[in-house]
1. As an exercise: evaluate GLN64 against (1) of a type in the set (S, T, N, Q); (2) in a helix (DSSP H, G or I); (3) modelled with pLDDT of 90 or more and give the number of the one condition it does not meet.
2. For the stretch 1-15, give me each residue that is surrounded by 12 or more Cβ atoms within 10 Å (Cβ to Cβ) and under 12 Å from ILE63 (Cβ atoms).
3. Mind counting the residues in the stretch 34-50 that are modelled with pLDDT of 90 or more, surrounded by fewer than 16 Cβ atoms within 10 Å (Cβ to Cβ) and not charged (D, E, K, R)?
Amino acid sequence: MEQTSPQFKKVLSRYVNYRGIDIVLYLKDGSVIELDKNRRIEGDFVIKNEKEGIVSRIELSNIQRADFFAA
């Protein structure tokens with residue numbers, strides 16, 4: 001799904017809240033991030049909490065596309 005409108009944020013927000021969905025984010029810099037189940041959206045950022053207590057913030061404008069998989 002391409003980020004071209006507020007619709008992207010709406011769809012991503014909906015799927016972030018479903019724990020049975022795996023999400024892979026493809027960033028504009030070419031990196032790929034797989035979100036674990038402990039994730040949320042705050043404002044214009046995806047917050048990824050890792051097991052070690054590390055918190056990553058990914059700005060929505062840096063996301064090129066997202067893939068959603070049923071777990």
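The values are calculated or read from the model by the stated rules, or taken from the named source; none is laboratory data. Note that the structure is predicted; figures quoted are calculated from it, not measured. Methodologically, a virtual Cβ is constructed for each residue, glycine included, from the backbone with ideal geometry; neighbour enumeration extends over all protein chains shown.
1. Just one mismatch for GLN64, condition (2).
2. The answer is MET1, GLN3, PHE8, LYS9, VAL11, LEU12.
3. 1
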